[in-house]
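Enquirer: Got a structure for you, questions after.
The values are calculated or read from the model by the stated rules, or taken from the named source; none is laboratory data. The shown structure was predicted, so the numbers you read here are calculated from the model rather than taken from an experiment. Ideal geometry is used to build each Cβ from the backbone, glycine not excepted, and the neighbour counts take in all protein chains shown. Each accessible area value is taken on the protein alone, full model and side chains, heavy atoms only, with ligands, DNA and RNA left out. Shrake-Rupley method; radii C 1.70, N 1.55, O 1.52, S 1.80 Å.
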Amino acid sequence: MIRLRSCSSSLLNFPFHFRTHQIQSPQCIYKLFTQKAFHNAHSNPQTPLSALISAISSCPSVSYCRAIHACVIKSYSYSDGFIGDQLVSCYAKMGSAEDALNLFDEMPKRDLVSWNSLISGFSPRGYVEKCLNALFRMRFEVGIEPNEVTLISVVSACASRGAVDEGMHIHGLALKLGLLWEPKLVNSLINLYGKSGYLDAVCRLIETMPMQNVVSWNLMIAIHAQNGSAAEGLNCFNLMRRAGVYPADGTVVSLLQVCENLELGKLAEGVHGVIIKCGLSANVRVATGVLDLYAKLGRLDYSLEVFKELINPDKVAWTAMLAGYATHGYGQEAVEIFENMVRKGVQPDHVTFTHLLSACSHSGLVKEGRNYFNIMSEVYGVEPRLDHYSCMVDLLGRSGLLNDAYELIKQMPMEPNSGVWGAIFGACRMYGNIELGKEVAERLFALEPSDSRNYIMLSNMYSAAGLWRDASQVRAVMKEKGLARTPGCSFIEYRNEIHRFVVGDQSHPESVRIYAKLEEVIGKIRKAGFVSQTEFILHDVEEAVKEDMISEHSEKLAIAFGLLVINAGMPIIITKNLRICGDCHGAAKFISLIEKRTIIIRDSKRFHHFTNGVCTCGDYW
Ligand code: ZN
Ligand code: ZN
């Protein structure tokens, strides 16, 4: 019987005059294979194995698999050899468990490799039960014990279906058979437990492993990052370093995710240091992760440094830098990056265009934005998608071209989503266009019935126009639907810790000093001409009361704390969970001027850089 291992090279090529690498598609293989195999069936009963294996491994469907099977029967006795195993696995992978099992049961000799072929065929389809059934049969019907290859297949199937109990059973079996030292098997178990949120089990597995390799550490850090337990992820990284394992690029990318989740800038700098030390800073994937992280944490200046050091930035790196400029409100710089990228022969994709159009929008570059939108499909072959339309609607709306924006929505070839309607809604609020705003709000309510932000925005629009009755009606609807307003929250990093503030917050240990500082600063900026913008308050309360509430907004408390603790010369970086309110925005501008400080606020939409009394958003956000 023919097994690949025992074939001589002449047999592999005999009697056909084509080699597998010359054949492009599975259809092509199949055609050549079947014609020649049938043709030669009488004179040369042995079809070359290379052709058979190619045909099987690139088999596109069950019907092809059956045809190949027929050829095999004509030219071979498939029954106990390598080809039989291959066919079984092929049937299983194509999803035809019945064919796979039928053929398998016909095979007179079935060894461990055969059973593994069957199980590994079921595994990618997530057929947990079939895998377990086969495992049971091999152990108890024929008395063959599985090896690590068998168990890895079963565990992968369990992982893809979240079948933790079944996976635990395999874990136990691996322990019993003494296979738990196999790193790949342990990693597949880590993957299973991690995906299902069993972090304790993951940690115990790692700890008991005699040989901890970089892959398991990677997995563990990534799992913690994905499950939002960033601190544990960081802990793993430290343990890994202590165990003398050097991080690979995958570890570092997971770790950057941890930093992003923790929003700790100092930590990011630490990780960046490790990256440089481990010689990973020239790796484009890693460097792109670092520059992206710095941009997200407000340090666009660091991002640029990392970008400049890249010798051959790829599309993802260029796009990440462009995105950084876009979210920070540096439209002109974003356009320059784009032009440089194209000049260097790097092809932009739809993500690049989303950031480019968003940059134009955030910086009021109407002419440029329109131009890029018009040529993106023709010149760069990127068809406008929903995101691109929503950027364009935002761009036109921001510039007060509400009619143009509305026309564009009507011309869209696809159904506009909440992003598109949300963009024009923002413009309606900005320009006080109540009539259109009402119409758009209805669309948004239909698309996102439980998103309280749309109701709040409409209510604010009415309040700003002095239409108190309409405003309170909207609030009544909100109440009826049980929609709560998300409380505003601001965060600032100091000494590796995140300090959190809500409106009127007095829970901070330094609360007394913070309020004193805030009062002092507000006094100073009032003298310099700052006037509270009370229209941004939802309720129709007395002016003085409004001012009180507004002056204790979380952003202002965070700024006051920043002024107290962050060294002069360093920017005060704050994150806000919602959009920054107009009053805090105005106050931040004045504070940046009077206190000679750079204040960077990341709100739910973008970054605001306040320096010398102006913001990079140009007062539109
Ligand atoms: Zn505010
Ligand atoms: Zn701004």
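Enquirer: Give all pairs with beta carbons closer than 9 Å in which a residue from region 338-359 that is of a type in the set (Lys, Arg) meets a residue that is open to solvent by less than 50 Å² (accessible area, probe 1.4 Å) and modelled with pLDDT under 95; count only pairs at least 6 apart in sequence or on separate chains.
Expert: Lys344/Pro313
Enquirer: Here are some residues: Gly381, Gly397, Gly331. Which one is in contact with a Gly (Cβ under 7 Å, 6 or more places away or on another chain), outside the structural domain of His609 (by TED's automatic domain parsing) and more than 18 Å from Ala287 (Cβ to Cβ)?
Expert: Gly397
Enquirer: Can you report the number of residues in region 562-584 which are under 19 Å from Ala427 (Cβ atoms) and in contact with a His (Cβ under 7 Å, 6 or more places away or on another chain)?
Expert: So the answer is 2.
Enquirer: Condition first: open to solvent by less than 20 Å² (accessible area, probe 1.4 Å), of a type in the set (Val, Ile, Thr) and near ligand 2 (Cβ under 9 Å from one of its atoms). Now tell me which residues in region 573-621 satisfy that.
Expert: Of everything in region 573-621, those that are open to solvent by less than 20 Å² (accessible area, probe 1.4 Å), of a type in the set (Val, Ile, Thr) and near ligand 2 (Cβ under 9 Å from one of its atoms) turn out to be Ile580, Ile601.
Enquirer: Next question, about the same structure. How about region 116-145: which of its residues are touching a helix residue (DSSP H, G or I) at 6+ places or on another chain (Cβ under 6 Å) and more than 21 Å from Gly95 (Cβ to Cβ)?
Expert: If the condition is that a residue be touching a helix residue (DSSP H, G or I) at 6+ places or on another chain (Cβ under 6 Å) and more than 21 Å from Gly95 (Cβ to Cβ), then Met138, Ile144 are the ones that fit.
Enquirer: Would you tally the residues in region 376-403 being of a type in the set (Asp, Glu) and buried (at least 17 other Cβ atoms within 10 Å of the Cβ)?
Expert: Residues meeting the conditions: 2.
Enquirer: When Glu166 is evaluated against the numbered criteria (1) farther than 30 Å from Glu269 by Cα; (2) outside any helix (DSSP H, G or I), which criterion, by number, is the only one it fails?
Expert: Unmet for Glu166, out of (1) farther than 30 Å from Glu269 by Cα; (2) outside any helix (DSSP H, G or I): (2).
Enquirer: Given the criteria at pLDDT 90 or above, open to solvent by 10 Å² or more (accessible area, probe 1.4 Å) and either out of contact with any Asp or Glu (no Cβ under 9 Å at 6 or more places or on another chain) or within 11 Å of Ala157 (Cβ to Cβ) (or both), does Asn116 qualify?
Expert: Considered against the rule, which asks whether it is at pLDDT 90 or above, open to solvent by 10 Å² or more (accessible area, probe 1.4 Å) and either out of contact with any Asp or Glu (no Cβ under 9 Å at 6 or more places or on another chain) or within 11 Å of Ala157 (Cβ to Cβ) (or both), Asn116 comes out as no.
Enquirer: Residues in region 125-140: is at least one within 24 Å of Ala222 (Cα to Cα) and surrounded by fewer than 16 Cβ atoms within 10 Å (Cβ to Cβ)?
Expert: The answer is no; no qualifying residue exists.
Enquirer: Has region 313-321 got any residue that is farther than 21 Å from Gly364 by Cα, outside any helix (DSSP H, G or I) and under 24 Å from the mean Cα position of the chain (by Cα)?
Expert: Within region 313-321, one or more residues are farther than 21 Å from Gly364 by Cα, outside any helix (DSSP H, G or I) and under 24 Å from the mean Cα position of the chain (by Cα).
Enquirer: Just to confirm my filter: which helices (runs of 4 or more DSSP H) fall fully inside region 518-621 and include at least 2 residues that are modelled with pLDDT of 85 or more, within 14 Å of ligand 1 (Cβ to nearest atom) and not polar (S, T, N, Q)?
Expert: The helices (runs of 4 or more DSSP H) meeting that bar are 554-565, 582-594.
Enquirer: Right, another one. Please verify whether Lys184 is touching an Asp or Glu at 6+ places or on another chain (Cβ under 8 Å) and assigned to a helix (DSSP H, G or I), treating the condition exactly as stated.
Expert: Yes: the conditions hold for Lys184.
Enquirer: Another one. Specify the residue that is modelled with the lowest pLDDT; the eligible residues are those in region 275-291 that are open to solvent by less than 50 Å² (accessible area, probe 1.4 Å) and of a type in the set (Val, Ile, Thr).
Expert: That would be Ile275.
Enquirer: Which residues, counting only those in region 120-163, are among the aromatic types (Phe, Trp, Tyr) and either part of a helix (DSSP H, G or I) or without any contact (Cβ under 8 Å) to a residue 24 or more places away in the chain (or both)?
Expert: Phe122, Phe136, Phe140
Enquirer: I'm checking my understanding of the structure. Among residues of region 475-488 that are in contact with a helix residue (DSSP H, G or I) (Cβ under 9 Å, 6 or more places away or on another chain) and either assigned to a loop (DSSP other than H, G, I, E, B) or at pLDDT 90 or above (or both), which one is nearest to ligand 1 (Cβ to nearest atom)?
Expert: Gly488
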